[in-house]
Amino acid sequence: MAGHVVQFSGATMGTGWTLSAVSPPPGTAELVQAALDRVVAQMSQWERDSDISRFNRAAPGTWQRLPPEFARVLKAALTVAELSQGAFDPALGTAVDLWGFGPAPAPDDAPAEAMTTAAIAGGIDFDGPGLRARRNASARLDLSGIAKGFGADLAAEHLLAGGLRHFLLEVGGELRGHGITPAGQPWWVDIERPPQARTAPLRVALHDLSVATSGDYRRWLDTGGQRHIHTLDPRTGRPVTNAVRSVTVLHESCMMADAWATALTVLGPAEGMARAARQDLAVHMIAGEEEYLSPALRAMLD
């Protein structure tokens, strides 16, 4: 295939994005940045005037209109919550803040169990056709487990609509690839591994495919000599303790890969890999020193 690869980069969501594009048209970088800025304006709880911040400040029980993109992400999040039997929950904002993994400062000590139990007592009602939602009790939305993947999807959709057919887009470690390189190859990427992992590197081809990874090595809270990883179990409101070090999911949708990577981290090796098999998800998991590959991923690699 004729053409040349052009590299672009920018900042978003407290991290960065990069794009490798084959013979891109003018305005390509601006298209990506605009899509990601739209996600931040709607779904970043670090922005006081974002849609999600206004939603979380509204009185419980009050229906609120949502932008179409926001509603699309919330619908996907609630779908994964149902399919994972509660291992993913977009209404964890109160618990996230208790642990200092959101905009609130990190606490000096781990929250008491009574506090985390109260933090997960509420929920979200969602009216998809009406593009509206409301929060109950102390529930607050936190879409950080899915919004970054959606940002990659939205930017990719804008690039495709603009006529770009061959590119690899990365947003904060989540990737989405389309088409092929000028050499006629798919976009090959190495699955992210935890530091000092003893497992062999695993390379996958992203041809109209996305990949997202959740890892225990990215963020944590140290209190009283104990390390608490940033992934919370929605069923307890407390950090997971199942020795999962990383989960990588390949999916057509980066948004779904992002959410499922978090859900399977919560579920752990046995239940998580069983769930991956039932949902036909392509999953790579490292727990302790053990490596797990789902049947869908094994078939993809054969």
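The values are calculated or read from the model by the stated rules, or taken from the named source; none is laboratory data. Note that the structure is predicted; figures quoted are calculated from it, not measured. All Cβ positions, even for glycine, are placed from backbone atoms using ideal geometry, and neighbour counts span all protein chains on display.
Pairing each residue of the range 234-261 that is part of a helix (DSSP H, G or I) with any residue that is charged (D, E, K, R), provided the two are 6+ apart or on different chains, yields C-beta distances under 7 Å for Cys254/Asp153; Cys254/Glu174; Cys254/Arg176; Met255/Asp153; Asp258/Lys148; Asp258/Glu174.
Scanning the range 265-302 for residues that are under 21 Å from the mean Cα position of the chain (by Cα) and outside any helix (DSSP H, G or I) yields a total of 12.
Given Met13, Met1, which one is closer than 30 Å to Trp188 by Cβ, surrounded by 16 or more Cβ atoms within 10 Å (Cβ to Cβ) and modelled with pLDDT under 95? So the residue among Met13, Met1 that is closer than 30 Å to Trp188 by Cβ, surrounded by 16 or more Cβ atoms within 10 Å (Cβ to Cβ) and modelled with pLDDT under 95 is Met13. Could you check the range 206-234 and list, in sequence order, the residues that are farther than 18 Å from Ala261 by Cβ and either surrounded by 13 or more Cβ atoms within 10 Å (Cβ to Cβ) or at pLDDT 70 or above (or both)? Listed by number, the residues that qualify are His207, Asp208, Leu221, Thr223, His228.
Which residue, of Val22, Val6, Val39, is in contact with a His (Cβ under 6 Å, 6 or more places away or on another chain) and either under 25 Å from Asn136 (Cβ atoms) or surrounded by 13 or more Cβ atoms within 10 Å (Cβ to Cβ) (or both)? Walk me through how you get there before you give the answer.
Details: Val6 fails: in contact with a His (Cβ under 6 Å, 6 or more places away or on another chain); Val39 fails: in contact with a His (Cβ under 6 Å, 6 or more places away or on another chain).
When all the criteria are applied, what remains is Val22.
Take the conditions (1) within 25 Å of Leu164 (Cα to Cα); (2) of a type outside the set (Phe, Trp, Tyr); (3) out of contact with any helix residue (DSSP H, G or I) (no Cβ under 8 Å at 6 or more places or on another chain); (4) free of Cβ contacts under 8 Å to residues at least 40 places away in the same chain; Pro25 misses just one of them, which is (4).
For (1) part of a loop (DSSP other than H, G, I, E, B); (2) farther than 25 Å from Gly184 by Cβ; (3) of a type outside the set (A, V, I, L, M, F, W, C), each residue gets a yes or a no:
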residue	(1), (2), (3)
Phe8	no, no, no
Ala21	no, no, no
Pro24	yes, no, yes
Gln42	no, yes, yes
Gln45	yes, yes, yes
Arg48	yes, yes, yes
Ile52	no, yes, no
Pro60	yes, yes, yes
